[in-house]
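Report on the structure given below.
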Amino acid sequence: MSPATSPPPQLRRITRSSLARFAYQSDATSSAQGNATTPQITDIEDAISGDGTTDTTTRKRKRAVVSASIKREAKSATIKKEKGAAEEEEEKSAPTPNRRARKPARKIIDPDTKTAIVAPPSDWEEMYDLVKEMRLTGPAKDAAVDTMGCERLALPTASPRDQRLHTLVALMLSSQTKDTTNAVAMRRLQTELPSHAPEAGEDVAPVGLNLENLLAVDPAKLNELIWIVGFHNNKTKYLKQTAEILRDTWGGDIPDTIAGLTSLPGVGPKMAHLCLSSAWGRTEGIGVDVHVHRITNLWGWQQPASKTPEETRLALQSWLPRDRWREINWLLVGFGQKVCLPVGRRCGECELGLRGLCKAADRGKVNQGRKVREETASLKVEQVKTDGDDEDGLVLKEEYIKREDEDVNALDMVFSEPPKEEVGVKEEDSPKQPPSKRQTRRRRGLI
Ligand code: SF4
């Protein structure tokens, strides 16, 4: 008898016990029928098909079906376990995040001039301002780029010419390298790059990153100093070639044009625009790195999605106001480092996700974040109601609520009568000190 004629197992739900039954039935059947014509079943997922047969020719497709089924069962079980019936119902019927349909940047005819212009994506400014807020005071503040970005790595004590070289070298080292790693390599160059042989009349040349030392250093030594960055062999070669070009063509300084900068080996448009902005204070284009490219496409600002950073740069420059061209790199690089990470985005803490402005938001994380936000916000509202005239009181109240997790009426009672006598300290000694948990309970007659 072939396996297809065996009694089909009931596969409504895959559980450990049903798997055990399956194994038992299979063994029993094999034993009863003899093993000579029965295929060996080694993997239960490979053996079970959607209709309960063991068709190995469609194994891959059937396995996917079973796997999905198991996942659905597991998810359902988790929901049932963690939530009550009402909550489960609420979860099932939870509305989708309030996503707004976004129009990408698109060409339109200007009604006044009757010429074609590029209209910016809808609500881009709201998104931009929210991201800026997150970068300055929210979850995206204090990103690595703020202290270790290429623009920050020039030594303040160096001459202006050397500082410009520092910026260029930092940018050349930065490709395929994290800001933190790049900062280490730059610090080594700035403190350990050997001094060149002193020229006539010069007692001793300084150690550190300058054009003369870069020209004089042995490539092997340079490679050793920057070994920590990605592609350091190529970068060593490019740095040595660049040093010679700067000496021979640019009078020992770095070029002050995009064309001049992109003529250097290993320098592309992104580096050129960032370098021109940072070293020469002139912004002629947007420095689009992987974060800017990735995030603006996630948001749907380009339609169809741009395929390269250069495409993104041209698309953004067609509509983004020029006064944002320099800032947007800082904005989105830090945002990409802290919140909208390439892996493990923090959508639950992101204002764009929480306000339904991001079409790429992770719905589960956003729902979770909204719950946390609602709880926090309600606490803050109560705080304003009770101590609205006193700024210090606001902070005090918030801390108290979080630590004690008490209801608001109780807090009102406590704060309407400062517990100075019970604490045993004068109010002026500790006017902002909240009562302890024990004191609160005592006042409420709980102890
Ligand atoms: S909601 Fe998520 S995907 Fe969208 S910008 Fe924020 S972190 Fe990125």
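Could you pull out the trypsin sites (Lys or Arg not before Pro) across segment 101-163 that fall in loop regions by DSSP (anything but H, G, I, E, B) with no more than 15 other Cβ atoms inside 10 Å?
Numbers: sites: R102, R106, K107, K114, K132, R135, K141, R152, R161; in loops: R102, K114, K141.
Loop-located and lightly packed - K114, K141.
Can you pull out the trypsin sites (Lys or Arg not before Pro) in segment 211-283 that DSSP calls coil and that have at most 13 other Cβ atoms within 10 Å?
Those that pass, being in a loop and sparsely packed, are R282.
Based solely on C-alpha atoms, express the radius of gyration and the Dmax of segment 302-364 in angstrom.
Expressed in Å, the Cα Rg and Dmax of segment 302-364 come to 13.1, 37.
Arrange F335, F231 by Cβ neighbour counts within 10 Å, fewest through most, would you?
With the sparsest Cβ surroundings first, the list reads F231, F335.
Between the DSSP loop rule and a limit of at most 13 other Cβ atoms within 10 Å, which GluC sites (Glu not before Pro) in segment 200-244 are left?
When the GluC sites (Glu not before Pro) of segment 200-244 are filtered for loop state and at most 13 Cβ neighbours within 10 Å, E202 remain.
What percent do you get for the relative contact order of segment 195-278 when only Cα pairs under 8 Å and 6+ apart count?
Taking the mean separation of contacting Cα pairs over the length of segment 195-278, I get 19 percent.
Segment 157-281: percent of C-alpha pairs farther apart than 24 Å? Mind dumping the intermediate values first?
Working: 1599 of 7750 pairs.
For segment 157-281, the fraction of Cα-Cα distances above 24 Å is 21 percent.
How high is the relative contact order of segment 227-276, in percent, counting Cα pairs under 8 Å that sit 6 or more residues apart?
Once normalised by length, the contact order is 28 percent.
Enumerate the amide H contacts of Q303 below 5 Å, restricted to partners 5 or more residues apart or on another chain; note that Pro and chain-start residues carry no placed amide H.
A105
Just to be sure I understand the model, the point goes 7 Å from the Cα along the line to the Cβ. What's the resulting K237 to K178 distance in nm?
2.8
Could you work out the percent of alpha carbon pairs in segment 233-347 separated by over 22 Å, rounded to a whole number?
Tail fraction, whole percent: 41.
Under the 0.36 nm per residue contour assumption, what length would be gained going from the current alpha-carbon distance of E311 and D110 to full extension?
Stretched fully, the E311-D110 segment lengthens by 70.0 nm.
Longer than 26 Å from Cα to Cα, which of K237/K307; K103/K141; K107/K338; K141/K240; K107/K359; K114/K270 are they? Say none if no pair is. If you can, show how the numbers build up before the last one.
Numbers: K237/K307 29 Å; K103/K141 29 Å; K107/K338 33 Å; K141/K240 36 Å; K107/K359 22 Å; K114/K270 33 Å.
Over 26 Å Cα-Cα: K237/K307; K103/K141; K107/K338; K141/K240; K114/K270.
Taken together, the values in this text are just the output of simple stated rules run on the coordinates, not laboratory data. In this text the structure is predicted, and so the values were computed from the model without any measurement. Positions of Cβ are generated from backbone atoms using ideal geometry, with glycine treated the same way; all protein chains shown enter the neighbour counts.
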